[in-house]
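The values are calculated or read from the model by the stated rules, or taken from the named source; none is laboratory data. Quick caveat, the model's predicted, so the values are computed rather than measured. When we count neighbours, we look across all protein chains shown, and the Cβ atoms used for this are built from the backbone with ideal geometry, even at glycine. Protein only, heavy atoms only, side chains kept; ligands, DNA and RNA dropped before computing areas. Shrake-Rupley method; radii C 1.70, N 1.55, O 1.52, S 1.80 Å.
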Amino acid sequence: MTRQGCTRRKRIYGDRNKMTRIVYLNGEYLPEDKAKVSIFDRGFVMGDAVYEVTAVVGRKLLDFAGHEARLTRSLGEIGIENPFAEGELLAIHRELLARNDIEDGGIYLQVSRGNPGDRDFVFPDPAVVKPTVVLYTQSKPGVLQSESALHGVRVISVPELRWHRRDIKTVQLLYPSMAKMMAKKAHVDDAWFVEDGFVTEGSSNNVYIVKDGVIITRPLSTDILHGITRAALLRYVAETQIAVEERPFTIAEAQAADESFLTSASSFVTPVVEVDGVAVGTGKPGPIAQRLREIYIEEALKAGI
Ligand code: PLP
């Protein structure tokens, strides 16, 4: 190959022979460095956007219908027109998986209120300003074999300082990011938000404790994100003998629990082994959490599309 050909090849495939990622922006499939969004976009200026993350395992999309339904709800709650025709969202997901040859990982999707051409608190007229739609793949080979799943994660508690519509999956993730940084500084894996003495959820996951064989988790309300993994797991658990009690719990209860775990699209079911420096149960991933991870992965893969 000529030197010129080699440089060109590097530019296209990257130094590690990786393909340039192809992303989706407003109807077009583009190399990631060609996908540009305006500095006036309300997602950028106002955090005026919602998002979803759908897991990909063995080239299958997990819980796709749930993520699509929650996206529709989030858009409706903040009054952004749904930009997708029937079946279009799935088609884009599939096209991105194929173009990027993704085996394991996820697809990130964001819809903002668009670019009104200048900064203004007032929403633009939706007949004039269309939403900005972005989707991209994230490759994570071997996503099921994580260290966290094997050893469990350790968490600290932090005050709940987010707004009161946590059921809407907005991109306003500054405080959750700060909470993650507090966890990192404390040399643990994640942070749990506590409000009025009760745990709401993790920085990017729903949380659970197990006491005397019963799974305890906060009920759905505007206090927490309605996790798609949570919904799927509780559906699968309903077919087992394991009981579920939907009620808020405290940090002290978590520390005295037999087991604990968390759920999210990117971590599936992951054991929690320490809360604020206190070991939960044996301090090792518990049997129920491990079993639930197996059940979730098996069933979600079976139902995956
Ligand atoms: N809670 C919060 C605050 C989250 O950010 C997430 C996921 O990002 C979840 C819960 C879990 O939701 P899901 O299972 O739909 O990924």
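Points to keep in mind about this one:
- Taking the conditions (1) in the same structural domain as SER260 (by TED's automatic domain parsing); (2) within 30 Å of PRO285 (Cα to Cα) in turn, TYR108 satisfies each one other than (1).
- Yes/no for ARG99 being open to solvent by 70 Å² or more (accessible area, probe 1.4 Å) and without any contact (Cβ under 8 Å) to a residue 60 or more places away in the chain: no
- Flag for VAL155 being buried (at least 22 other Cβ atoms within 10 Å of the Cβ) and away from the ligand (no atom under 13 Å from the Cβ): yes
- Picking from residues in the range 42-62 that are open to solvent by 30 Å² or more (accessible area, probe 1.4 Å) and charged (D, E, K, R), the one that is nearest to ARG165 (Cα to Cα) is LYS60.
- Meeting the requirement of 3 or more residues that are out of contact with any Cys (no Cβ under 9 Å at 6 or more places or on another chain) and of a type outside the set (Val, Ile, Thr), the strands (runs of 3 or more DSSP E) wholly within the range 120-234 are 132-139, 153-159, 190-195, 198-202, 206-211.
- Residue selected from the range 74-94 under the condition touching a residue at least 60 places away in the same chain (Cβ under 8 Å) and open to solvent by less than 60 Å² (accessible area, probe 1.4 Å), by the criterion nearest to the ligand (Cβ to nearest atom): SER74
- Taken over the range 187-205, the residue count meeting the criterion of being farther than 14 Å from PRO248 by Cα, of a type outside the set (Ser, Thr, Tyr) and within 9 Å of the ligand (Cβ to nearest atom) is 1.
- Pairs linking a residue in the range 281-296 that is under 17 Å from GLU239 (Cα atoms) to a residue that is of a type in the set (Lys, Arg) and not in a loop (DSSP other than H, G, I, E, B), with Cβ atoms under 6 Å and 6 or more positions apart or on different chains, do not occur.
- THR170 vs. criteria surrounded by fewer than 18 Cβ atoms within 10 Å (Cβ to Cβ), under 30 Å from VAL134 (Cβ atoms) and in contact (Cβ under 8 Å) with a residue 40 or more places away in the chain: no
Condition check ((1) surrounded by 12 or more Cβ atoms within 10 Å (Cβ to Cβ); (2) farther than 21 Å from ILE156 by Cβ; (3) modelled with pLDDT of 95 or more; (4) within 11 Å of the ligand (Cβ to nearest atom)) across all residues:
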{"site": "VAL207", "(1), (2), (3), (4)": "yes, no, yes, yes"}
{"site": "VAL210", "(1), (2), (3), (4)": "yes, no, yes, no"}
{"site": "ILE216", "(1), (2), (3), (4)": "yes, no, yes, no"}
{"site": "PRO219", "(1), (2), (3), (4)": "no, yes, yes, no"}
{"site": "ASP223", "(1), (2), (3), (4)": "yes, no, yes, yes"}
{"site": "ARG230", "(1), (2), (3), (4)": "yes, yes, yes, yes"}
{"site": "TYR236", "(1), (2), (3), (4)": "yes, yes, yes, no"}
{"site": "GLN241", "(1), (2), (3), (4)": "no, yes, no, no"}
{"site": "THR250", "(1), (2), (3), (4)": "yes, no, yes, no"}
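- Contact map, the range 47-73: residues that are part of a helix (DSSP H, G or I) paired with residues that are of a type in the set (S, T, N, Q) and more than 11 Å from the ligand (Cβ to nearest atom), Cβ distance under 6 Å, separation 6+ or inter-chain. Pairs shown: THR72/ASN82.
- Considering residues of the range 173-186 that are open to solvent by 40 Å² or more (accessible area, probe 1.4 Å) and over 25 Å from PHE44 (Cα atoms) only, the residue nearest to the ligand (Cβ to nearest atom): LYS184
- PHE261 passes every criterion in (1) within 13 Å of the ligand (Cβ to nearest atom); (2) open to solvent by 10 Å² or more (accessible area, probe 1.4 Å); (3) outside any helix (DSSP H, G or I); (4) in contact with a strand residue (DSSP E or B) (Cβ under 7 Å, 6 or more places away or on another chain) apart from (2).
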